[in-house]
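A.B. asks: Take this structure first; my questions come after.
The values are calculated or read from the model by the stated rules, or taken from the named source; none is laboratory data. Being a predicted model, the structure only gives us computed values, none of them experimental. A quick note on method: Cβ atoms are made from the backbone with ideal geometry, for glycine too, and the neighbour counts reach across all protein chains shown.
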Amino acid sequence: MCGIVGAVAARPVTAILLEGLRRLEYRGYDSAGLAVFDGEQLQRLRRIGKVNILAEAEQQAPLKGVMGIAHTRWATHGKPTEYNAHPHMSGDKLAVVHNGIIENFEPLKAALIADGFEFTSDTDTEVIAHLIAQALRVKNDLQTAFLSTVSQLEGAFALGVVHTDYPNQILASRKGSPLVLGVGMGENFIASDQMALLQVTDRFIYLEEGDFAQVTADVITIWDKNLDKVEREIKVFEHGLSVAEKGEFRHFMLKEIYEQPEVVKATLQGRISATKLLEQAFGNGASAIFDQTKQVQIIACGTSYHAGMIAKYWLEDIAGIPCAVEVASEYRYRKHVVPENTLFLTISQSGETADTLAALREVQDKVLASLTICNVPGSSLVRESDLSLMTNAGPEIGVASTKAFTTQLVALLLFTLALARRSGLSEAREAEIVGALHQLPELLLAAVKLDASIESLSRAFAEKNHTLFLGRGPLYPVAMEGALKLKEISYIHAEAYPAGELKHGPLALVDKDMPVVAVAPNNALLDKLKANLQEVKARGGELFVFAGADHIKPEEGLRVEQMPDVPEILEPIVYTVPLQLLSYHVAVLKGTDVDQPRNLAKSVTVE
């Protein structure tokens, strides 16, 4: 992985490919490359580092042609080096770009070496190029050779292939990794993400699992996994081009933090009335499924996992429904018991998270039904789940998730209301929660307005190497999310604990060099949390507390950021925002790459 772009047109495509790669930079990557057919030969250029390094090299030695493929790579097999960068070639006529992982590449590679093929990289992708070349020796047809190769591959992949003997066409296929086709006028495209192509088209075809496509400048032909020719719907991308631009903001992450008051309106739009949840938002058949649901199993990764942990508190408190939450990469590799009438709930910003998708596929025939909370309408999780609720957050460019998390929480609270209706939720209580949701955009705006104060506070962290985050109840997962954000973009080691666990080990770490951040809304656990904070203060720890107005007083060694008064049900959502701002400003002070932190990718489509 990480990003694919391809173009076949009547005009030069190099600039299109490079711009597409720039628009995929948000995914995270360590090298970039492209291959362009100039009518006589396939020209390849690869570089370590950012796309602008590749673009500068191309300016020195221009690549000209009307057909080409390009890639940004996040290393999975082999170190980040130029010889491991994509595209990979077999001979001088065939080039391949690939997202995903080929699990059986080692025996395939051994057989190819025995057949005389020489490998110039450490990647699994090069196997694909040589397999196609090998098949061409006997098949003498690129499509047939490509399909023969795909049938031998085990694992996950999205592929783009060009060959100089078959000009004016790109072959593409997907299994387990996303791939979209961009539809133009006298030109067509492939990409791992529609964001890469918004400069040339707003019309897209989302390939389905197992699809194979031939893309020429004038025609797109698609076959399904059974090799039956199919028509896939062309969908118009509805988000404006401004989503891919930072505008007045220094970083996409800050822009997306500031967008949260507006995007939660989109999450709520059409889903609540003045006093009630509009259950139809979950789709046809949802009500019948919810009627039968007796247990919820939530599966997610990273930030989405923290959203699931908060949802567990809501589901068990408000709906009275047992809920289990587990990291997808653990769930899929252990034996598990699925209770009767379990609704399997997945959460993912991209809808392509490999471990989450694999867990869904493993249990689909064992559960009552599946529901996904997702931000990408055409994604695999959405297509393969029985029900879906879109967060409508718009494209999130920063690798560290912000608006995706808060909109996930809003969607999960709507889901909680749907199930709570089945367990005796009164109309008055439903109206109370819905009324709180109507207040949420203004409350988030009030939290965002703390930006300048939090920027000042962040200076206390710039020279620190460790930070401890504390919370209680549903604010404990909020503390976990705050710790994750800080470590993701500032590279400061951070951990989160339930505040009541301090005396069971973490208190040993507390000293003047270990800042302690606490989220302390005015709820039933506040007095307990105050006692935990005194334990920190007594040991010389420096405290930074986000608290409801006037409930905790600042003093020496205790800095308090006053939060707006928030309905208790919304505390996990609103109290997330200052922690996002804190991590952002600390990262800026430390000079890290805020939008593209090292070693991380936005869409994790491999294990």
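A.B. asks: Restricting the first residue to region 137-165 and requiring it to be within 22 Å of residue 73 (Cα to Cα) and assigned by TED's automatic domain parsing to the domain that holds residue 42, which pairs with a second residue that is among the aliphatic types (A, V, I, L, M) and in a loop (DSSP other than H, G, I, E, B) meet a Cβ separation below 7 Å and a spacing of at least six or different chains?
C.D. replies: If the second residue must be among the aliphatic types (A, V, I, L, M) and in a loop (DSSP other than H, G, I, E, B), the pairs left are 156/606; 158/179.
Every residue, every condition in (1) farther than 30 Å from residue 195 by Cα; (2) surrounded by 21 or more Cβ atoms within 10 Å (Cβ to Cβ), yes or no:
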| position | (1), (2) |
| --- | --- |
| 414 | no, yes |
| 424 | yes, no |
| 434 | yes, yes |
| 439 | yes, no |
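A.B. asks: Is it the case that residue 78 is of a type in the set (Gly, Ala, Ser), buried (at least 16 other Cβ atoms within 10 Å of the Cβ) and in the same structural domain as residue 15 (by TED's automatic domain parsing)?
C.D. replies: Numbers: of a type in the set (Gly, Ala, Ser): yes; buried (at least 16 other Cβ atoms within 10 Å of the Cβ): yes; in the same structural domain as residue 15 (by TED's automatic domain parsing): yes.
It is true that residue 78 is of a type in the set (Gly, Ala, Ser), buried (at least 16 other Cβ atoms within 10 Å of the Cβ) and in the same structural domain as residue 15 (by TED's automatic domain parsing).
A.B. asks: Quick test for you: out of 114, 158, 95, pick the one residue that is crowded, with 23+ Cβ neighbours inside 10 Å, over 15 Å from residue 35 (Cβ atoms) and aliphatic (A, V, I, L, M). Talk me through it step by step, then tell me what you get.
C.D. replies: Values: 114 fails: crowded, with 23+ Cβ neighbours inside 10 Å; 95 fails: over 15 Å from residue 35 (Cβ atoms).
One residue alone meets the criteria, 158.
A.B. asks: Residues in region 368-410 that are in a loop (DSSP other than H, G, I, E, B) and out of contact with any Phe, Trp or Tyr (no Cβ under 6 Å at 6 or more places or on another chain): how many? First the steps, then the outcome.
C.D. replies: Initially, region 368-410 is screened for residues in a loop (DSSP other than H, G, I, E, B), giving 368, 375-379, 385-386, 391-402.
Right, trim to out of contact with any Phe, Trp or Tyr (no Cβ under 6 Å at 6 or more places or on another chain) and you get 368, 375-377, 379, 385-386, 391-396, 399-402.
Residues in region 368-410 being in a loop (DSSP other than H, G, I, E, B) and out of contact with any Phe, Trp or Tyr (no Cβ under 6 Å at 6 or more places or on another chain): 17 in total.
A.B. asks: While we're on this one: For region 431-446, does any single residue satisfy the condition of being out of contact with any His (no Cβ under 7 Å at 6 or more places or on another chain), of a type outside the set (A, V, I, L, M, F, W, C), closer than 21 Å to residue 518 by Cα and touching a residue at least 24 places away in the same chain (Cβ under 8 Å)?
C.D. replies: no
A.B. asks: From 192, 148, which residue is within 30 Å of the chain's Cα centre (by Cα) and of a type in the set (Gly, Ala, Ser)?
C.D. replies: 192
A.B. asks: Strands (runs of 3 or more DSSP E) wholly in region 49-146 with at least 1 residues that are among the polar types (S, T, N, Q) and in contact with a Cys (Cβ under 6 Å, 6 or more places away or on another chain) - which ones?
C.D. replies: Counting at least 1 such residues, we get 67-73.
A.B. asks: Pairs please, first residue from region 540-566 and outside the structural domain of residue 454 (by TED's automatic domain parsing), second anywhere and of a type in the set (Lys, Arg) and crowded, with 21+ Cβ neighbours inside 10 Å, Cβ atoms under 6 Å, 6+ apart in sequence or on different chains.
C.D. replies: none
A.B. asks: Can you tell me how many residues within region 484-494 are closer than 25 Å to residue 314 by Cβ and surrounded by fewer than 24 Cβ atoms within 10 Å (Cβ to Cβ)?
C.D. replies: Total satisfying the criteria: 1.
A.B. asks: Can you pull out the residues in region 244-253 that are surrounded by 14 or more Cβ atoms within 10 Å (Cβ to Cβ) and more than 17 Å from the chain's Cα centre (by Cα)?
C.D. replies: Selection gives 246, 249, 251.
A.B. asks: Please tell me if residue 247 is farther than 30 Å from residue 429 by Cα, at pLDDT below 85, assigned to a loop (DSSP other than H, G, I, E, B) and touching a helix residue (DSSP H, G or I) at 6+ places or on another chain (Cβ under 9 Å).
C.D. replies: It is true that residue 247 is farther than 30 Å from residue 429 by Cα, at pLDDT below 85, assigned to a loop (DSSP other than H, G, I, E, B) and touching a helix residue (DSSP H, G or I) at 6+ places or on another chain (Cβ under 9 Å).
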